[in-house]
Amino acid sequence: DVVETREHYKSRWRSIWVMYLTMFLSSVGFSIVIMSVWPYLQKIDPTADASFLGWIIASYSIGQMVASPLFGLWSNYRPRREPLVVSTAISVAANCLYAYVHVPHSHNKYYMLTARALVGFGAGNVAVVRSYIAGATSLMERTSAMANTSACQAVGFILGPVFQTCFTLIGEEGVTWKFLCLQLNMYTAPVLFGALLGVINIILIFAIFREHRVDDMGRQCKSINSDGEGSDVLDQNTEGSIDHVAVVALNVLFFVILFVFAVFETIATPLTMDMYSWTRKEAVFNNGIILSVIGIESVIVFMVVKMLSKKTGERAILHAGLLIVLIGFFILLPWGKKLPNIQWQEIKNNSIPKTSPTEMLMPFWSLQEMQLPSNHTAEPVGCPVSQSWCLNTPMIYLAQYISSDVLIGLGYPVCNVMSYTLYSKVLGPKPQGVYMGWLTASGSGARILGPVFVSQIYTHLGPRWAFSLICGVVVASLLLLEIVYKRLIAFSVRYGRMQD
């Protein structure tokens, strides 16, 4: 047995902290512009409509879904510094492209689409980050490290819109640097700030990041990614095959977890506008506050789950998290007899704008800057009669909605962390880059399909069908978890090298 030296321990955790920063910057890259995409798109290309906005928002997840397995495969055979630097450089270049999409005289919306897709492609490095952390931590350290990684990701999603809000002080016009053909304004400053953070990240990867690997018991060992930097000396025992049934099951469970959260996030604005007669501004503001609180709640849960898992184990906590999510969506089912206020077509001389499936697809922040037609003196509110279910479906009370938010905000981070932790433990000492890439890709696919699913079901059939189907999906995932429960054990435990 080779005992880890203190110097190796410090270097290993410095490298892990650089990975935390990389995860944080990946989520900031997504959220820092999301509130301003629609007005910026309208400004640079008046031909762009709401349906194209949906593609721009989805392009990030599509890019990440494509890139994750590729970067994961790369990291399996080469030093991880290479895919990390290249992916971050792609994100930096994509952010710079986003800042210049106003320059061309035509097809500006396609340049914006390309920029956001490339930012998502660069964010495919989260598979490399997760695989490195899985290989650089012992089983005892794994849950805590994965929770910290998810917490950094959540903080990035929370702080991105905060950065965007600060940059609104620059204004729409801002400052123009003609020699650079650059307009520094409230739309371009956030992405340039993101590019600067990316450059700093690359510098830290070169200066601090080192390849380290320890086995499940924490002993330092050789890594296939080693480029001669470390003092890794122990050959790791990789004999034994990976339980692919457990791997596939965890991919399915992770897809479900991301799918239901994407549905919840997407439906927030249209649901509250229909049920509580909120205006678009009220819906965006109120749901913004609610989702911010949920973000803070998630970070707290990430910290608590690290301690709780030591007593109960990851499988039991994953089971409990799915049950909490199920209860959260069950509470959202319409009960009682009171119907929501109806938005009748006859009002405003039959000129009430209908909510299209494309608009329903967009997250709540995408609707923030959308304006009513100029001939409207007041925004019509209530459940539009064009949605036939509004005439016979009971309303969802505000107390139901808030209770559901709290429960889903509790269950989702629990499931997220436990999925990653169990996945990395099942994979064991073998290179995890490709496997982590597939897990990340399944999550990206869920974020693409979730909004499409809920936009169609909710618009045509209503919340009762939408949330009943979600409950059915979660119940099916719980049954799957029960079937594979005994197989979700660490690689070293499965082959008797250490006790659970």
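The values are calculated or read from the model by the stated rules, or taken from the named source; none is laboratory data. What you are looking at is a predicted structure, and each value in this text was computed from that prediction instead of being measured. Cβ sites come from the backbone with ideal geometry, for glycine too, and all protein chains shown count toward neighbours. Note: accessible area is taken over every heavy atom of the protein model, side chains too, but ligands, DNA and RNA are not part of it. Shrake-Rupley method; radii C 1.70, N 1.55, O 1.52, S 1.80 Å.
Looking at N125 and the list (1) assigned to a helix (DSSP H, G or I); (2) open to solvent by 30 Å² or more (accessible area, probe 1.4 Å), which single condition is not satisfied? Every condition holds for N125 apart from (2). Against the list (1) free of Cβ contacts under 8 Å to residues at least 12 places away in the same chain; (2) within 11 Å of V414 (Cα to Cα), the condition K311 fails is (2). Do we find that L367 is modelled with pLDDT under 80, closer than 20 Å to N287 by Cα, buried (at least 23 other Cβ atoms within 10 Å of the Cβ) and within 28 Å of the chain's Cα centre (by Cα) in this structure? Criteria not met by L367. If you go through segment 291-317 and pick out every residue that is within 24 Å of V162 (Cβ to Cβ), open to solvent by less than 30 Å² (accessible area, probe 1.4 Å) and touching an Asp or Glu at 6+ places or on another chain (Cβ under 9 Å), you end up with 1. All conditions in (1) modelled with pLDDT of 85 or more; (2) in a helix (DSSP H, G or I); (3) buried (at least 20 other Cβ atoms within 10 Å of the Cβ); (4) of a type in the set (V, I, T) hold for I62, with the sole exception of (3). With the structure loaded, tell me whether V28 is in contact with a helix residue (DSSP H, G or I) (Cβ under 6 Å, 6 or more places away or on another chain), buried (at least 22 other Cβ atoms within 10 Å of the Cβ) and assigned to a loop (DSSP other than H, G, I, E, B) or whether it fails that test. So V28 does not fit the description; no. Mind listing just one residue for me: the one in segment 381-396 that is outside any helix (DSSP H, G or I) and at pLDDT below 85 and, of those, surrounded by the most Cβ atoms within 10 Å (Cβ to Cβ)? Per the criteria, the residue is C383. Would you confirm, using the coordinates I've provided, whether T143 is outside any helix (DSSP H, G or I) and within 30 Å of H8 (Cα to Cα)? Against the criterion (outside any helix (DSSP H, G or I) and within 30 Å of H8 (Cα to Cα)), T143 does not qualify.
Considering segment 31-59, the residues that are under 13 Å from Y187 (Cβ atoms) and aliphatic (A, V, I, L, M) include one that is surrounded by the fewest Cβ atoms within 10 Å (Cβ to Cβ), namely I44.
Every residue, every condition in (1) of a type in the set (V, I, T); (2) open to solvent by 10 Å² or more (accessible area, probe 1.4 Å); (3) over 29 Å from M303 (Cβ atoms), yes or no:
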residue	(1), (2), (3)
L398	no, yes, yes
S404	no, no, no
G409	no, no, no
V414	yes, yes, no
T421	yes, no, no
V452	yes, yes, yes
F467	no, no, yes
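Taking (1) out of contact with any Lys or Arg (no Cβ under 6 Å at 6 or more places or on another chain); (2) over 17 Å from P413 (Cα atoms); (3) part of a helix (DSSP H, G or I) in turn, A154 satisfies each apart from (2). Per the listing S138, S87, S150, the residue uniquely in contact (Cβ under 8 Å) with a residue 12 or more places away in the chain, among the small types (G, A, S) and in contact with a strand residue (DSSP E or B) (Cβ under 6 Å, 6 or more places away or on another chain) is S138.
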